[in-house]
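Worksheet for the structure shown next.
The values are calculated or read from the model by the stated rules, or taken from the named source; none is laboratory data. Since the model is a prediction, treat every value here as computed from it, not as a measurement. Cβ placement follows ideal geometry from the backbone for every residue including glycine, while neighbour counts extend to all protein chains displayed.
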Amino acid sequence: MTIPYFIVAAFARTPFAGNPAGVCLLPENEWLPNESMQQIAAENNLAETAFLIRRSNDFDLRWMTPTVEVDLCGHATLASAHVLFNHLDYEEEMIRFQSKSGELQVERDKDRFVLDFPAQAMAEVAITSGIKEALGAQPISLLKGRDYVAVFDREEDVAALKPDFARVAALDAQGVVATAPGKRSDFVSRYFVPAAGIPEDPVTGSTHCVLIPYWSKRLGKAELSARQISPRGGELYCQNRGDRVRIGGHAVTYVEGKIHL
């Protein structure tokens with residue numbers, strides 16, 4: 001069996017930046033066994049590998065890290081849309097993906113792609129010693145949803161973090177987002193998720209489902225610019241639409257080939 005396979009740098013204009021994602025185009029109506037898809041994702045050793053099946057005009061979409069399947073992934077969704085638009089000559093201006101997080105839409109906007117994702121809520125919680133020990137620093141506030149979100153005063157505070165990944169993995173959340181006001185953007189972030197096999201994710205679309213509503217309210221504006229300041233780094237164009245958020249970015253193909261099983 002051969003599977004068309006791509007590696008795409010998402011939220012980047014050039015290779016070696018943004019977040020690389022694997023994209024596997026599976027035969028119509030034929031998911032591979034979960035174990036096989038997890039083995040492929042582990043062998044790819046990227047933050048996420050996306051698996052796609054075409055269903056008429058829609059696509060079923062699943063995402064796997066090297067160790068687990070996840071319910072929502074932004075950069076691998078953007079990478080999947082890039083493959084469909086640029087390598088499969090998808091002719092519509094919008095793609096609908098059916099996923100574990102419901103229907104996700106990606107729209108082509110000139111030379112970039114815009115994700116339409118559900119906004120996600122957070123609640124403020126007490127800053128614990130576990131968070132301070134995991135991050136090696138004390139945030140000014142702490143919120144929790146799927147992840148902990150640690151808010152800092154300055155971009156430099158986020159850039160300087162050197163987490164204890166074992167302690168981060170032991171926390172009662174999927175991972176930890178660190179965020180602060182930005183110098184060249186409205187806000188910046190980093191995302192640590194070692195429990196899913198990703199010590200630091202280079203650029204994360206899904207965390208912006210909580211960051212966009214938070215910063216939109218705090219800054220009093222619906223449209224925002226964001227930067228994820230991991231070593232690879234990436235830029236995101238953000239819009240708050242109430243119960244939905246729009247997350248835009250560029251993408252570039254790095255690898256095109258086939259997986260042989």
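Going by the structure shown, is A119 among the aliphatic types (A, V, I, L, M), surrounded by fewer than 19 Cβ atoms within 10 Å (Cβ to Cβ) and farther than 21 Å from L219 by Cβ? No.
Cβ-Cβ contacts under 8 Å between residues 6 or more apart (or on different chains), taken from a first residue in the stretch 15-34 that is over 19 Å from H75 (Cα atoms) to a second residue that is charged (D, E, K, R) and at pLDDT below 95, are listed as E28/R54; E28/R55; N29/R55.
Only strands (runs of 3 or more DSSP E) whose full extent lies in the stretch 64-145 are considered here, and the ones with at least 1 residues that are touching a Gly at 6+ places or on another chain (Cβ under 7 Å) and on the phi < 0 side of the Ramachandran plot are 102-109, 112-118. Against the list (1) assigned to a strand (DSSP E or B); (2) free of Cβ contacts under 8 Å to residues at least 24 places away in the same chain, the condition L61 fails is (2). Taking the stretch 168-183 as the range and being of a type outside the set (A, V, I, L, M) and touching a strand residue (DSSP E or B) at 6+ places or on another chain (Cβ under 7 Å) as the test, the residues that pass are Q174, G175, T179, P181, G182. Residue check: E133 meets all listed conditions (1) at pLDDT 95 or above; (2) not assigned by TED's automatic domain parsing to the domain that holds G182; (3) not hydroxyl-bearing (S, T, Y) but one, namely (2). Do the conditions hold for E91, that is, is it surrounded by fewer than 13 Cβ atoms within 10 Å (Cβ to Cβ) and either more than 25 Å from D186 (Cβ to Cβ) or modelled with pLDDT of 95 or more (or both)? The answer is yes for E91.
One residue stands out in the stretch 136-146 among those that are under 14 Å from P213 (Cβ atoms) and not aliphatic (A, V, I, L, M): the one that is farthest from the chain's Cα centre (by Cα), namely G145.
Taken over the stretch 48-88, the residue count meeting the criterion of being crowded, with 22+ Cβ neighbours inside 10 Å and among the polar types (S, T, N, Q) is 4.
When the stretch 7-33 is filtered for residues that are out of contact with any Ser or Thr (no Cβ under 6 Å at 6 or more places or on another chain), assigned to a strand (DSSP E or B) and not small (G, A, S), the ones remaining, listed by number, are I7, N19, P20, C24, L25. For S36, state whether it is surrounded by fewer than 18 Cβ atoms within 10 Å (Cβ to Cβ) and in a helix (DSSP H, G or I). So S36 passes the test.
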